[in-house]
Amino acid sequence: MKRTRSKQLMARARRVIPGGVNSPVRAYGSVGGTAPFLAKGKGARVWDADGNEYVDYVGSWGPLVLGHAHPAVLRAVRAAAALGTSFGAPTELEVRLAEEVCRALPSVERVRFVSSGTEASMSAIRLARAATGRARILKFDGCYHGHVDALLVGAGSGVATLGIPGTPGVPASFAELTVQAPFNDLAAVEDALRRWPGEIACILVEPVAGNMGCVPPEPGFLEGLAALAQQHGALLVFDEVMTGFRVAYGGAQERYGIRPDLTILGKIVGGGLPAAAYGGRRELMEQIAPEGPVYQAGTLSGNPLAMAAGLETLRRLRAPGVYAELEARARTLVDGFTGAAERAGVELTTAAVGGMFGFFFHPGPVRNFDDAKKANGERFRAFFHAMLDAGVYLAPSAFEAGFVSLAHRPADVAATLAAAEKAFRKAARAH
Ligand SMILES: *Cc1c(COP(=O)(O)O)cnc(C)c1O
């Protein structure tokens, strides 16, 4: 597969953009080779600048649950754009999307829109600290909540991919307030809460971890977190930027029956345009300015194009059977991977939750980030490139989840599995 034009574009990009990319994992640092520059997307497919076609399992890293360029979403965005692209004033579209979010997630009684997941986590933490009068926060190794200073400690996603221990530029005193625990480890959470009595403002968690590969919560883990948070006066904050409208319409909190104090949303809620949100119980959210003293603001917050795309996306996701369909698709895919890996003599651990999935070149179980890091990177690289050259576009890192959309047809999945048959044989030869 030729990527001449992508190579040329990357050379130009590197002269004016750090690493040639506007978000690190896009640079293919951990898998090598040149990232395809994407030129077009339609349904489950994307095309690069050289005209190569791929079945896409990245979906812009999660938002595109309806697939690329969905005609109804495009219509909604065009209609909104025709009326003006931004006002910096209240609009009806914001009210409608906020009402829908509150309907979808009963734990969310008030919601504030922002422009990125990073901004949403930053704001939710500020609120948690203000509401509890406590400074420390507890997060899990390998969970990613955006590039907020204090949250880059032990973070997944690109931080994990690049092997950066936290990051320069974050003063030690900021990072000091972040307490870490392994995912799926309630005893470690309890230890931390006892070690810092009355100091931990919130337990922040991706309820299904999706930034260290896909690692589901073990039975009882999320319930245990809710109980511990309550017992120790900390808030439970679910980062559902990835899982919201992805593992169920009402997110992981619906799927697992948990009621967090605060919820962070992003990705799907903006329907492929920049929007994110944080919300929760009324008396907490009332502390946000202008109702309360906790300041948070944004010039483009509640942008009408993003609200329109989000509304139309959510409307389509309310059709009956959508989540069963997404999960069946993800399940067919990972079960196919498992079979092909077995035939190639490759040890593989997979997970599929709603429309997200993951696979580790590791015999399993993979319960946390330490397990995930033990997966075979050489095999992942060989598999990744074999798939890419066969026209399957997966995330270029073993520490990312994959996504299926409603646009993925059985034929797309079948083509992917045919490619996987060969790719696992290649992976078997890598060490
Ligand atoms: C993507 C993601 C974020 C960050 O969102 P951005 O819009 O990239 O800032 C935060 N939390 C989780 C769980 C994510 O998957």
Review point. Is there any pair linking a residue in the stretch 229-258 that is in the same structural domain as A209 (by TED's automatic domain parsing) to one that is surrounded by fewer than 22 Cβ atoms within 10 Å (Cβ to Cβ) and charged (D, E, K, R), with Cβ under 7 Å and at least six apart or on different chains, and which?
Key: V247/R255; A248/E254; A248/R255; Y249/R318; Q253/R259; I258/E223
Review point. Would you pick out the residues in the stretch 12-25 that are within 16 Å of the ligand (Cβ to nearest atom) and at pLDDT 95 or above?
Key: V21, N22, S23
**Study point:** Failed item in (1) open to solvent by less than 10 Å² (accessible area, probe 1.4 Å); (2) within 16 Å of the ligand (Cβ to nearest atom); (3) in contact with a His (Cβ under 8 Å, 6 or more places away or on another chain), with G67 passing the rest
**Key:** (2)
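State the number of residues belonging to the stretch 85-118 that are assigned to a strand (DSSP E or B) and closer than 20 Å to P63 by Cα.
The first filter runs over the stretch 85-118 and keeps only residues assigned to a strand (DSSP E or B), leaving 110-114.
Checking the rest, the ones that are also closer than 20 Å to P63 by Cα come to 111-114.
Residues flagged as assigned to a strand (DSSP E or B) and closer than 20 Å to P63 by Cα within the stretch 85-118 amount to 4.
Let's see how each residue does on (1) open to solvent by 30 Å² or more (accessible area, probe 1.4 Å); (2) within 30 Å of V366 (Cα to Cα); (3) more than 14 Å from the ligand (Cβ to nearest atom):
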| residue | (1), (2), (3) |
| --- | --- |
| R75 | yes, no, yes |
| L97 | no, no, yes |
| V101 | no, no, yes |
| A124 | no, yes, no |
| R129 | yes, no, yes |
| L138 | no, yes, yes |
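Let me confirm something: among S60, S30, which residue is among the hydroxyl-bearing types (S, T, Y), away from the ligand (no atom under 16 Å from the Cβ), under 24 Å from the mean Cα position of the chain (by Cα) and open to solvent by 20 Å² or more (accessible area, probe 1.4 Å)?
One residue alone meets the criteria, S30.
Name the single residue that is nearest to G210 (Cα to Cα) among those in the stretch 125-142 being in a loop (DSSP other than H, G, I, E, B) and out of contact with any Gly (no Cβ under 6 Å at 6 or more places or on another chain).
Looking only at the stretch 125-142, we keep the residues that are in a loop (DSSP other than H, G, I, E, B), and these are 133-135, 141-142.
Next, from what is left, pick out any that are out of contact with any Gly (no Cβ under 6 Å at 6 or more places or on another chain): 133-135.
Numbers: G133: 30, R134: 28, A135: 26 Å.
Restricting to residues being in a loop (DSSP other than H, G, I, E, B) and out of contact with any Gly (no Cβ under 6 Å at 6 or more places or on another chain), the top hit is A135.
Please indicate, with yes or no, whether at least one residue in the stretch 71-84 is among the basic types (K, R) and outside any helix (DSSP H, G or I). Give the derivation first.
Quick first cut of the stretch 71-84, residues among the basic types (K, R) only: 75, 78.
From what's left, outside any helix (DSSP H, G or I): none.
No, the stretch 71-84 contains no residue that is among the basic types (K, R) and outside any helix (DSSP H, G or I).
Quick grid of which residues meet (1) more than 29 Å from A128 (Cα to Cα); (2) in contact with a strand residue (DSSP E or B) (Cβ under 7 Å, 6 or more places away or on another chain):
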| position | (1), (2) |
| --- | --- |
| N303 | no, no |
| A306 | no, no |
| Y323 | yes, yes |
| E327 | yes, yes |
| D335 | yes, no |
Check your understanding: Looking only at strands (runs of 3 or more DSSP E) that fall completely inside the stretch 144-263, which ones have 3 or more residues that are within 16 Å of the ligand (Cβ to nearest atom) and of a type outside the set (D, E)?
Key -> 200-205, 235-239
Check your understanding: What number of residues in the stretch 104-122 are away from the ligand (no atom under 16 Å from the Cβ) and open to solvent by 40 Å² or more (accessible area, probe 1.4 Å)?
Key -> 3
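Assess whether A407 counts as being farther than 21 Å from L66 by Cβ and either outside the structural domain of G33 (by TED's automatic domain parsing) or in contact (Cβ under 8 Å) with a residue 12 or more places away in the chain (or both).
Details: farther than 21 Å from L66 by Cβ: no; either outside the structural domain of G33 (by TED's automatic domain parsing) or in contact (Cβ under 8 Å) with a residue 12 or more places away in the chain (or both): yes.
Taking the combined requirement at face value, the residue does not satisfy it.
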Check your understanding: Out of (1) in a loop (DSSP other than H, G, I, E, B); (2) touching a Leu at 6+ places or on another chain (Cβ under 9 Å), what's the single condition that is false for H431?
Key -> (2)
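The values are calculated or read from the model by the stated rules, or taken from the named source; none is laboratory data. Please read all numbers here as calculations on a predicted model, not as lab measurements. Note: ideal-geometry Cβ built from the backbone for every residue, glycine included; neighbour counts use all protein chains shown. Surface areas here come from the heavy atoms of the whole protein model, side chains and all, with no ligands, DNA or RNA. Shrake-Rupley method; radii C 1.70, N 1.55, O 1.52, S 1.80 Å.
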